[in-house]
Amino acid sequence: MFTAGTITINGQNITLAANDSLNTVVQKFNDVSSGTGFKAYIKEIAAGQFAIDFKSNVTGTAGDFDITSFADPQGVLASLNFTVPQVAVDGVY
């Protein structure tokens, strides 16, 4: 469950309603992905348990972002219980 409200990420507003499904939440993030710089995906973390996974549109450190650092005056992101983010790295060839 999450808190309904509006999040502003890189100038893009994403408004979540209390009755939004997981698919709807993911679609709302993806509708503005060209402006935010990342997309949302649904992943199954255990049998019948799902989470949202965020991935940058750009690979390596150029695509580094911290979703918890965006404007969230209504506490929407805080209510999503994020796990420790993965640090972006550049590939070594």
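The values are calculated or read from the model by the stated rules, or taken from the named source; none is laboratory data. Bear in mind the structure is a predicted one, so any value in this text is a computation, not a measurement. Methodologically, a virtual Cβ is constructed for each residue, glycine included, from the backbone with ideal geometry; neighbour enumeration extends over all protein chains shown. The accessibility values were calculated without ligands, DNA or RNA, using every heavy atom of the protein model including side chains. Shrake-Rupley method; radii C 1.70, N 1.55, O 1.52, S 1.80 Å.
ASP72 fulfils the conditions (1) surrounded by 13 or more Cβ atoms within 10 Å (Cβ to Cβ); (2) closer than 21 Å to THR15 by Cα; (3) modelled with pLDDT under 75; (4) in contact with a Phe, Trp or Tyr (Cβ under 8 Å, 6 or more places away or on another chain) except for a single criterion, (4). Quick one: is LYS43 at negative phi, basic (Lys, Arg) and in a strand (DSSP E or B)? Yes; evaluated as a whole, the condition is true for this residue. Is it the case that ASN30 is at positive phi, out of contact with any Leu (no Cβ under 6 Å at 6 or more places or on another chain) and surrounded by 11 or more Cβ atoms within 10 Å (Cβ to Cβ)? So ASN30 fails the test.
Inside the stretch 46-62, residues that are within 11 Å of the chain's Cα centre (by Cα) and either assigned to a helix (DSSP H, G or I) or among the hydrophobic types (A, V, I, L, M, F, W, C) (or both) make up a count of 3. Selection within the stretch 36-52: residues that are surrounded by fewer than 12 Cβ atoms within 10 Å (Cβ to Cβ) and of a type outside the set (A, V, I, L, M, F, W, C). The member of this set that is farthest from LEU77 (Cα to Cα) is GLY48. In the set ASN10, ASN23, only one residue is under 13 Å from the mean Cα position of the chain (by Cα), closer than 16 Å to ASP72 by Cα and either charged (D, E, K, R) or open to solvent by 40 Å² or more (accessible area, probe 1.4 Å) (or both); that residue is ASN10.
Of all residues in the stretch 53-63, at least one satisfies being more than 19 Å from THR6 (Cα to Cα), of a type in the set (A, V, I, L, M, F, W, C) and open to solvent by 30 Å² or more (accessible area, probe 1.4 Å).
Quick check on my filter: what residues within the stretch 1-40 are in a strand (DSSP E or B) and either hydroxyl-bearing (Ser, Thr, Tyr) or over 22 Å from THR59 (Cβ atoms) (or both)? GLY5, THR6, ILE7, THR8, ASN13, ILE14, THR15, LEU16 - these are the residues of the stretch 1-40 that are in a strand (DSSP E or B) and either hydroxyl-bearing (Ser, Thr, Tyr) or over 22 Å from THR59 (Cβ atoms) (or both).
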